[in-house]
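The values are calculated or read from the model by the stated rules, or taken from the named source; none is laboratory data. The shown structure was predicted, so the numbers you read here are calculated from the model rather than taken from an experiment. Cβ atoms come from the backbone with ideal geometry, glycine included; neighbour counts cover every protein chain shown.
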Amino acid sequence: MMKPTRSSGKFRPFEDLKALLENRSKLPAHHIFNRHRPPFGKKPNPETDPVDDQTLFEKAMADVKPISKKNRIENSPLPKPSANHEKNEDYETLSCLKRLVNSGKGFVVADTPEYIEGAGYKVHPEITKRLHRGDFSIQAHIDLHGLNANDAKSTFDTFLKNSVKMNKKAVMVIHGRGLSSPDRPVLKSKVCEWLSCGQWRKWVMAFSSARLCDGGAGATYILLRQRPLKKQFIKGKRYIA
């Protein structure tokens, strides 16, 4: 029993606290215990006493049985591509590149910005595709390389005049790609103009860039009519460049 402190007229709370701590240290050890743990010899009551997470987990898993390997479904990882598969893809890529460089196989002129085509009045678009594909046998050709615009026009007119006179169906004009021109290909643009707007417009059924084996975008196939188109059916320039 703590003795009452002598009254001195001053409030001294820490003196009382010190006396309490000294008395507590003199108590037997079994009187000091964790308030969350039941006294020695007493079984914990799950309904009233707190239980740690491990005990709760073990209680929840008490009736759980492991799945047998027979009924187990496991996600197997995707197989990694084999080294042989990667080598085959690399070999195929190199083979395609080699064919393109050596023979031009795999290169489609129609898929390039240099490709041109045009069709006359009421001519089905399939005709232009067939012309570019090489379905019409080329019966004559002329090379305008090295000529200026005036000389090229004169040579071009003579060539088409003779082709019409001899009832040629499909002919070819070689004009080059004009890659050295500062603005755009001069002769190539002139050929498109002569076929679409000039005096030969009434004789032209369709035209398109040639196949790669015939010069690609550096040459143009021309499909001629057997008879000239009447004037009333000639409407507007119809070509794609």
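Observations
- Considering segment 218-241, the residues that are at pLDDT 90 or above and either over 16 Å from LYS168 (Cβ atoms) or not in a loop (DSSP other than H, G, I, E, B) (or both) include one that is farthest from the chain's Cα centre (by Cα), namely LEU224.
- Long-range neighbours under 8 Å by Cβ, at least six apart or interchain, first residue of a type in the set (D, E, K, R) within segment 206-230, second assigned to a strand (DSSP E or B) and crowded, with 23+ Cβ neighbours inside 10 Å: ASP214/TYR221; ARG225/VAL204
- Among (1) touching a Gly at 6+ places or on another chain (Cβ under 7 Å); (2) assigned to a helix (DSSP H, G or I); (3) under 13 Å from ILE222 (Cβ atoms) - the single one LEU187 does not satisfy: (3)
- Residues of segment 167-190 that are among the hydrophobic types (A, V, I, L, M, F, W, C) and out of contact with any Leu (no Cβ under 8 Å at 6 or more places or on another chain): MET172, LEU179, VAL186.
- Residues within segment 130-164 that are among the β-branched types (Val, Ile, Thr), closer than 12 Å to HIS175 by Cα and under 43 Å from the mean Cα position of the chain (by Cα), tallied: 1
- Residues that are under 16 Å from ALA119 (Cβ atoms) and not charged (D, E, K, R) within segment 199-218 comprise TRP200, TRP203, VAL204, MET205, ALA206, PHE207, SER208, SER209, listed in sequence order.
- Given (1) closer than 13 Å to TYR221 by Cβ; (2) crowded, with 18+ Cβ neighbours inside 10 Å, number of the condition ARG201 does not satisfy: (1)
- Residue satisfying all of: in segment 134-161; loosely packed, with under 13 Cβ neighbours inside 10 Å and in contact (Cβ under 8 Å) with a residue 24 or more places away in the chain; farthest from LYS202 (Cα to Cα) among these: HIS145
- Residues (under 14 Å from SER208 (Cα atoms), touching a strand residue (DSSP E or B) at 6+ places or on another chain (Cβ under 7 Å) and in a helix (DSSP H, G or I)) located in segment 118-160: PRO125, ILE127, THR128, LEU131, HIS132
- Flag for ALA206 being under 19 Å from LEU147 (Cβ atoms), aliphatic (A, V, I, L, M), under 36 Å from the mean Cα position of the chain (by Cα) and surrounded by 18 or more Cβ atoms within 10 Å (Cβ to Cβ): no
- Of all residues in segment 112-128, those satisfying the criterion of being touching a residue at least 60 places away in the same chain (Cβ under 8 Å) and on the phi < 0 side of the Ramachandran plot are THR112, GLU114, TYR115, ILE116, GLU117, GLY118, ALA119, GLY120, TYR121, VAL123, ILE127, THR128.
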